[in-house]
C-alpha cells in the first residue's frame, strides 16, 4: 500500500493564547480529492499554511510524499501547487507572463515551460486574454488566472484554498470541472471551502473542522448516514397548536418537530415513507398546509448535529 | 531560476509608473526647476563678480589717478546725468564725484546698502586715510623721521597674496557652490530607491503579500529570489541615476568638474545604499502600509535636507559643528563625495565616502539577512 | 454627517506626513526669516561680512589686526593650526569660504616681520575686496608709523587710533531703491507659504478625495440614502474646514515667529493673499484626486508641481535672481502671482496696498483656482464615462 501523499498527525498551532489548530490529523491518499470543510475561523487556512511549511507549529508531524515537510523541502515543493484564497498575481505582467513567470519557479527548461504555460492557459480558458493585464480581467477570470499560476507546472499535489470565493456561478462550475480534470490526470487535491455543496459534489472524502479540531471525516454518504437525521420534511402551514405538534412528534421515526413562522420542520431518523405518514396525519387532522418538501440530510445537518452550530455562520 | 526571477522583476519594475516616476521623472523635473531657479547663479559664478561704479570727473586729481589703476572696480567715466540714470537703473552700484581740486574730498552717492556699496565706501575711506595719516604724522610728537613715512603714504602697496590653489585644487576650475543643490538632488533620488526595495520585499515575503506566499511555496530559496529581485532593483536605480547625471551634465550643461565614471560610480553606489536601506525599512515596517510609504519618504527628505537640498550650506554647517552627522547621513556622504571630486579631484575624501556608502549598504543587507534568515513565520 | 467624519478619520492616517510638512515650514521659514534684512535705508551702513582668520602667529600685530576687523565684521578665529602642513585644514578653510564666509585671512608665522598675508576670497561676490582694502590699510598705516621711527607697540596703538578716528567719508544715500531689500520675517514666512500649504492640501485632501472616489466606496455612498447634494456639501465642508484649520496653524507659526516685525500692521493683507492661495491649493488637490486614485502618483505629481513652482516663481529663489525667460514663464503659474502680491504688500507704504496690482494678483489666483476646479470636474466626468 502506497504511503499517503499528505500525512498530518496531531498538529497543534497556537497564536498566543488562542489555540488555532488543536491536535488535528489528516491523511490524503494518492489520487484523492479531500475536502476540508469548516466555518470561518475553524483553522483550515492555518492548517494549510503549516502543511506548506509557511507557518511554524507547536506540535505534530507533517509529511508530504513520505518525507518531513520543512521550508527546505524543495524536492517536495517542486510537486506542490497552491491556489491561494486571495488572488496572487503580478499586476504589471500580462496573463501569459504571469503564468510563465510562476512556471519558471518550478520548471527550468524553456521548451517544457512554454508547453506547460500554453496548456495551463488553455486549461483555464484564458486563451483570448493572454495579453491582458490582471486589472482588465473580471473577478472570475482573475480566479482562473490564479488557478493557472498554481497548477501550470503539473504538480502531483494541489492545494485549493477557497478558490471560488466571490466567483460567478459559470466560472465556479468551470473551476470545479477543471479540478475534476486535474484529479483525473493524476493530481491529489486538498480542497478547502465553507461551501458544503461544492465539497459534497467534488470530494471523495471530507474532513469537517471546527475550532481547530477534526470533528468528523468520511465520504459525504458516510457522514450523512452517521447522524440521526435521515430525512427532513418541511411543511408550509400556519402556526399549529402545541397539542398537534406533540402528536406529530409521536409519529414513527419522527424525533424532532419545530415550527418557525409558517415553516414546520419535521426531522426523521430512519424509516421509509415518512412523508406519507406525516401527510396522512395532517389530512386527518384537517390541517391546512401549502408546499411540502422532503430533503435528505446535508453536510450542514451533519455539522449541526455534531457541533450544535450551522456550518455557515 | 535566478536569471528568470531577475528578468521578470526587471520587466515588472519598468512597467510600474510610480517606480519610474519617483526614481527618474521626479528628479529630472526637480533638476530642471533647480536649473531655472539657480541657473543664473551658476552662470554668473563662472565670471567673477565686479563692482561697477560711475565716475563724474570734475578734474584730474590723485583720486582719479588712483581710480584708473584699480582693478577690482569696473569704472564708467561719464557725465552726471548719465551717472544718475545708471544708478537709478541699477547698472552701477554707486557714483563717485571726483574732487574739484586737489585737497577736496571726493563724494560717493549710492541708492542702497550692500556689499558693492561697502566696497566703494571702503575705497573712499582708504583714499581719505592717506591725508589723515599725513596730518596725524605731522601732529605727532613721537615721530622722528617724517619724510620716509610720508613717502610711504603715497605708495600703493598690496600686502596680500590670493591663494588660488593648493594640492590639486585650482580656484579658476572650481565647481559652483550652487551645484551642491544638484548633488543633494542626486542623493535624494538615490534614497528614493528605498521605496523600490520595500516593494520588492513586500512581494517576496509570505508575511507581507499573497504573492510572497506563492514564492515561498516554490522550490527556490528565499535568498535567491530576494537577491534576484534586489539586483533588478539595483539595475533600475543605476539606470535612473546615470540618466539623471547625464541630464545634468549634457542637457542642462552643468559640469561636475570630474571624470564622469567616478560620478556615476558613487551615484550608483548611493542608489544601492538606498535599496539596502529600503530592505531594512521593509522589514521594520512589515505589514504597516502607511509606514512603508512615510518612513522612506521622511528618511529621504530629512537626509537630503541635511545634505543641502533646500539650504545649500547646511552640510558645511554640520561639518563644522558635528561632522559625525555628515558621515552617517548617506545623502551627505554622496554629496560630499561629488563635491570633493569636483573641487579637489580624486583623492582620499572621495574614497572614504565610497567606503562609507559601501559599509552602510553592507550593514543594512547583513542585518536584513539575519532577520530574514528565519525559516518560517509565527503568523501570517 | 458621516462623509464629513469619514473625511477626517481618513486624514488621521496621514498625521505623520502632515506634521512633517508643518515642521518643514517652521524650519525653513525661520531660516529664511533669519537671513532676511530690514535695511535702514535712511543712512549708509556698512555690510557686515563674515570672515575666517587663521592666526598661526598669535602675535600682538595679528591680535590688533583681528581686533580692528572685528569692529565691523563678524570674525571667527582659528588658532593652533598650520595652514601649509595640514591638507585637511586647507580644504576645511576653503570649504568654509565657499559656503559661509566671504573671506579667509591666513596670517602665517613671520607675519610680524614680513607684513604679508594670504587670503582666500569667495568665488563670486566682492566682499573679499573690502577686507583686502581694510587689511592693507591697517598694515600700511602700521608700516608708516614704523617708518616714522615709532616702536612696534606704539605704531600699533597709533594705527588703531588712526583707523578709529578717521572721519566719515562723504557718502549720500538717495533712498531710490532699484529693488526693496527690506524683507522682514513676515514677508519671508509668507513667501515660503505656497510650498507647505500646497503639499498639505495635496497629501491631506488630495489623497482622501481619491480614496472616497475609489470604486467600491463611491458606489456604496451613491447607493446610500444620502442625497448627492448632501454628499458633495459634506465633502466641500470637510475640505474647507481642513484647509482653514491648516492655514490657521501655519499663520499661528508665522505670527509667533514674527512678533517683532515692524511690518506686522500689514498682516491683514498677507492673510488675504494667503486665503486666495488656499483657494488655489484646494482646487489643485481636487484636480489631482480627479486624475488618479493612486496615492503614489498623487504624492509624486503634487511634489513635482509644488517644488517646481516654488523654484521658478520666487518661493525658494527670490524673483530678482531668476532669469528673464524663467520670469516670463512664471507668469503662467499661480505661485508667481501670490509672490507678486506679497512683494506689493512688502514694498508698499501706508494705505497704498489695496491697489489695482494687488487686486489683480488676487483675481488671477482665483482664476487659477477656477481653472483647476473645472479641469478636475472635467477629468472626473471623462474618467466616469470611460469606466
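Each reported figure results from applying straightforward, stated rules to the coordinates on display, with no laboratory input. All figures in this text were calculated on a predicted structure; none of them were measured in a lab. All Cβ positions, glycine included, derive from the backbone under ideal geometry; neighbour counts span all protein chains shown.
How long are the semi-axes of the equivalent ellipsoid of region B:48-128, taking √(5λ) for every eigenvalue λ of the Cα gyration tensor, in whole Å from largest down?
Whole-Å semi-axes of the equivalent ellipsoid: 18, 14, 11.
List C:345, C:130 from most exposed to least, where exposure is judged by having the fewest other Cβ atoms within 10 Å.
So the ranking, lowest neighbour count to highest, is C:345, C:130.
Between residue A:228 and residue B:265, how high is the FRET efficiency from 1/(1 + (r/R0)^6) when r is the Cβ-Cβ distance and R₀ = 51 Å? Nearest 0.05.
Working: r = 80 Å, r/R0 = 1.56.
Efficiency computed from Cβ-Cβ geometry: 0.05.
Remind me, relative contact order of region C:1-116 in percent, using alpha carbon pairs under 8 angstrom and six or more residues apart? Provide the component values of the computation, followed by the final result.
Working: 98 pairs, mean separation 34.0, N = 116.
It rounds to 29 percent for region C:1-116.
Among B:288-300, A:274-286, what's the highest-first ranking by average C-beta atoms within 10 angstrom per residue?
Final packing ranking: B:288-300, A:274-286.
Give the distance, in whole Å, between the Cα centre of region C:65-123 and the Cα centre of region B:330-380.
So the two Cα centres are separated by 35 Å.
Over region A:6-225, what is the relative contact order in whole percent, taking alpha-carbon pairs under 8 Å and six or more residues apart?
Working: 417 pairs, mean separation 67.1, N = 220.
It rounds to 31 percent for region A:6-225.
Before anything else, pin down the relative contact order of region B:1-151: Cα pairs under 8 Å, at least 6 apart, normalised by residue count, whole percent.
Result for region B:1-151 is 17 percent.
Using a Gaussian network for chain C with springs between C-alpha atoms less than 10 Å apart, which of these wobbles most: C:87, C:43, C:266?
In this elastic network of chain C, the residue with the biggest mean-square fluctuation among C:87, C:43, C:266 is C:87.
Which order results if B:193, B:368 are arranged by neighbouring Cβ count within 10 Å, fewest first?
B:368, B:193
How would B:16, C:239 line up from fewest to most surrounding beta-carbon atoms within 10 angstrom?
In order of increasing Cβ crowding within 10 Å: B:16, C:239.
First measure r as the distance between the Cβ atoms of residue B:157 and residue B:89, then evaluate 1/(1 + (r/R0)^6) with R0 = 45 Å and state the FRET efficiency to the nearest 0.05. Mind dumping the intermediate values first?
Details: r = 36 Å, r/R0 = 0.81.
Efficiency, rounded to the nearest 0.05: 0.80.
Using only the alpha carbons of the protein assembly as shown, what is the convex hull's orientation-averaged projected area in square nanometres?
Numbers: hull surface 225.6 nm².
Dividing the Cα hull surface by four gives the mean projection, 56.4 nm².
In nm, give the distance between the simple-model label positions of residue A:127 and residue B:170, each being 7 Å from the Cα along the Cα-to-Cβ direction.
A separation of 7.3 nm, rounded to one decimal place.
To the nearest 10 degrees, how steeply does helix C:2-12 sit against the main Cα axis of chain C, on a 0 to 90 scale?
It is inclined by approximately 30 degrees.
With a 10 Å radius around each residue's Cβ, average the other Cβ atoms per peptide and rank C:320-333, B:17-30, highest first.
Per-residue Cβ counts within 10 Å, averaged per peptide and sorted highest first, yield B:17-30, C:320-333.
When the helices in chain B are scored as -39500 (n - 2.57) per DSSP H run of 4 or longer and the sum is shared across all residues, what 222 nm value do you end up with, to the nearest 500 deg cm²/dmol?
My calculation for chain B gives -20500 deg cm²/dmol from helical runs alone.
How far is helix A:169-184 tilted, in degrees, relative to the longest principal axis of the Cα atoms in chain A, given as a value from 0 to 90 rounded to the nearest 10?
It is inclined by approximately 70 degrees.
If you count the DSSP beta bridges with both ends in the protein assembly as shown, what percent of them are antiparallel, to the nearest 5? Walk me through the intermediate numbers first.
Numbers: 47 of 93 bridges.
Expressed as a percentage, antiparallel bridges in the protein assembly as shown total about 50.
Once you put a point 7 Å from the Cα of residue A:276 and another 7 Å from the Cα of residue C:332, both along the Cβ direction, what distance in nm separates them?
Distance between the two pseudo-spin positions: 9.2 nm.
For all pairs of alpha-carbon atoms in chain C, what percent lies in each bin of width 20 Å, listed from the first bin to the last filled one?
Percent of pairs per bin, in order: 23, 39, 26, 11, 2, 0.
Divide by every residue of chain A the summed helix terms, -39500 (n - 2.57) for each DSSP H run of at least 4, and state the resulting mean residue ellipticity at 222 nm, rounded to the nearest 500 deg cm²/dmol.
So the calculated ellipticity at 222 nm is -10000 deg cm²/dmol.
Distance between Cα centroids, region B:14-33 to region B:270-306: provide it in whole Å.
So the two Cα centres are separated by 17 Å.
Could you work out the helix-only [θ] at 222 nm for chain C, with each DSSP H run of four or more residues adding -39,500 (n - 2.57) and the total divided by the number of residues, to the nearest 500 deg cm²/dmol?
-21500 deg cm²/dmol
In whole Å, largest first, what are the principal axis extents of the Cα atoms in region A:6-225?
Reported extents, whole Å, longest axis first: 46, 38, 33.
Does region C:219-279 come out rounded, prolate or oblate, given a ≥ b ≥ c as the square roots of the eigenvalues of its C-alpha gyration tensor, rounded meaning a/c under 1.5 and, failing that, prolate meaning a/b above b/c?
Verdict is prolate for region C:219-279.
Kindly identify region A:231-296 as rounded, prolate or oblate by the Cα gyration tensor criterion: order the square roots of the eigenvalues as a ≥ b ≥ c, call it rounded if a/c is under 1.5, otherwise compare a/b with b/c, prolate if a/b is larger, else oblate. Don't jump to the answer; show the numbers that get you there.
Values: a/c = 1.41, a/b = 1.30, b/c = 1.08.
Here region A:231-296 falls in the rounded category.
Kindly rank A:124-131, B:199-206, C:24-31 from highest to lowest mean number of other beta carbons found within 10 Å of each residue.
Averaged packing, sorted descending, gives the order B:199-206, C:24-31, A:124-131.
Under a plain spin-label model, where a point goes 7 Å from the Cα along Cα-to-Cβ, how far apart in nm are residue B:379 and residue C:233?
4.5 nm
With just the Cα atoms defining each centre, how far is region C:221-273 from region A:8-59? Give it in Å.
55 Å
For chain B, find the longest principal axis of its Cα atoms and tell me its angle to the long axis of helix B:348-372, 0 to 90°, nearest 10.
So the inclination is approximately 30 degrees.
Within 10 Å of each Cβ in C:45-52, how many Cβ atoms from other chains are there, averaged over the peptide?
Partner-chain Cβ atoms within 10 Å, mean over residues of C:45-52: 3.
How many partner chain Cβ atoms sit within 10 Å of a residue's Cβ in peptide B:199-209, on average, as a whole number?
Partner Cβ neighbours, averaged per residue: 1.
Rounded to the nearest 0.05, what FRET efficiency do residue C:244 and residue C:74 give with R0 = 45 Å and r taken as the Cβ-Cβ distance? Could you check?
With a Förster radius of 45 Å, E is 0.60.
How well do other chains shield peptide B:2-15, expressed as the mean number of their Cβ atoms within 10 Å of each residue Cβ? Write out the running numbers ahead of the final one.
Working: counts 0, 1, 9, 3, 0, 2, 9, 2, 0, 5, 6, 1, 1, 7.
Mean shielding by partner chains, rounded to a whole number: 3.
Once you have the Cα-Cα distance between residue A:180 and residue A:249, take 0.36 nm times their residue separation minus that, and quote the gain in nm to one decimal.
Extra length available between residue A:180 and residue A:249 comes to 20.5 nm.
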